[in-house]
1. Within segment 129-142, can one find any residue that is modelled with pLDDT of 95 or more, of a type in the set (A, V, I, L, M) and not assigned by TED's automatic domain parsing to the domain that holds Val9?
2. Look at Ile73 and say whether it is in the same structural domain as Gly164 (by TED's automatic domain parsing), aliphatic (A, V, I, L, M), in contact (Cβ under 8 Å) with a residue 24 or more places away in the chain and touching a Leu at 6+ places or on another chain (Cβ under 8 Å).
3. Starting from residues that are more than 9 Å from Val33 (Cβ to Cβ) and in contact (Cβ under 8 Å) with a residue 60 or more places away in the chain, keep the ones in segment 214-234 and report whichever is surrounded by the most Cβ atoms within 10 Å (Cβ to Cβ).
4. Which one is surrounded by the fewest Cβ atoms within 10 Å (Cβ to Cβ) among residues in segment 143-173 that are modelled with pLDDT under 90 and assigned to a helix (DSSP H, G or I)?
5. Check segment 199-215 and report whether any residue there is touching a helix residue (DSSP H, G or I) at 6+ places or on another chain (Cβ under 6 Å) and either at pLDDT below 90 or part of a helix (DSSP H, G or I) (or both).
6. Given Ile145, Ile176, which one is hydrophobic (A, V, I, L, M, F, W, C), under 29 Å from Glu75 (Cα atoms) and touching a residue at least 60 places away in the same chain (Cβ under 8 Å)?
7. Are any of the residues in segment 40-52 farther than 29 Å from Gln195 by Cα and of a type in the set (Ser, Thr, Tyr)?
8. Can you work out which of the residues in segment 26-56 that are more than 15 Å from the chain's Cα centre (by Cα) and of a type outside the set (Gly, Ala, Ser) is surrounded by the fewest Cβ atoms within 10 Å (Cβ to Cβ)?
Amino acid sequence: MLQVEGIDVFYGAFQALWGVSFEVQGGELVAIVGSNGAGKTTILKTISGLLHARAGKITFLGESIGDLPPHRIVELGIAHIPEGRELFSALTVMENLRMGSYLPKAKKARQESLDWVFSLFPVLEERKDQLAGTLSGGEQQMLAIARGLMSKPELLLLDEPSLGLAPKIVLTVFEIIKKLNQEGLTILVVEQHIQHILGIAHRAYLLETGRIALTGSGKDLLGNDYVREAYLGL
């Protein structure tokens, strides 16, 4: 579904990614893990068109997307849930969800999508008239994911979905991610909670200082001696 081939990405003169290559097959849950500042968020921003690679190629469903603007990439079926959630805090929960279904295809299926996200996140239906900025951190993360789902994506990009959440809520978010994948949604997730995400990912890539250092199944990386010592303290 997604193929990233040898991308170099810069912020001005600073190079953040060095020849990064990986792929995501349809139906997979793939994780990119690594420490803060390794370049994980940069990868997602480059896929969704917020940044453009100076070298390399990105292909989605057979189409080259490396030079496309973000709105075209959303139209093709990629939804990006950014780090920090980026909700419209002065709008209600329902208004945020409607904003997620502005594309013609999504607008036609808006009620069906609303029913689906409310079944996934019952608390959002209870809070549908509440301002997004007044929700708890966990509820805001649920709303951010739900808003992305309203665009009816083929591929969901999740950037640090557990960031800043209480441990109990973190587990809930990972259960939701696992359920979405089991229902057929392809997911690429960037995450610092390495133990949790590797436990549910089909495949994973370890990113260090802008380069892919290791790859394998989630269980392979979870059992890797280097990962256990350097990232899990085991």
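1. Looking for residues that are modelled with pLDDT of 95 or more, of a type in the set (A, V, I, L, M) and not assigned by TED's automatic domain parsing to the domain that holds Val9, one finds at least one in segment 129-142, hence yes.
2. For Ile73, the condition - in the same structural domain as Gly164 (by TED's automatic domain parsing), aliphatic (A, V, I, L, M), in contact (Cβ under 8 Å) with a residue 24 or more places away in the chain and touching a Leu at 6+ places or on another chain (Cβ under 8 Å) - is not met.
3. So the residue we want is Gly218.
4. The residue in question is Lys168.
5. no
6. Ile145
7. no
8. Within segment 26-56, the match that is surrounded by the fewest Cβ atoms within 10 Å (Cβ to Cβ) is Asn36.
The values are calculated or read from the model by the stated rules, or taken from the named source; none is laboratory data. Since this is a predicted model, take the numbers as computed values, not measurements. With ideal geometry, Cβ positions are generated from the backbone for all residues, glycine too; neighbour counts draw on all protein chains shown.
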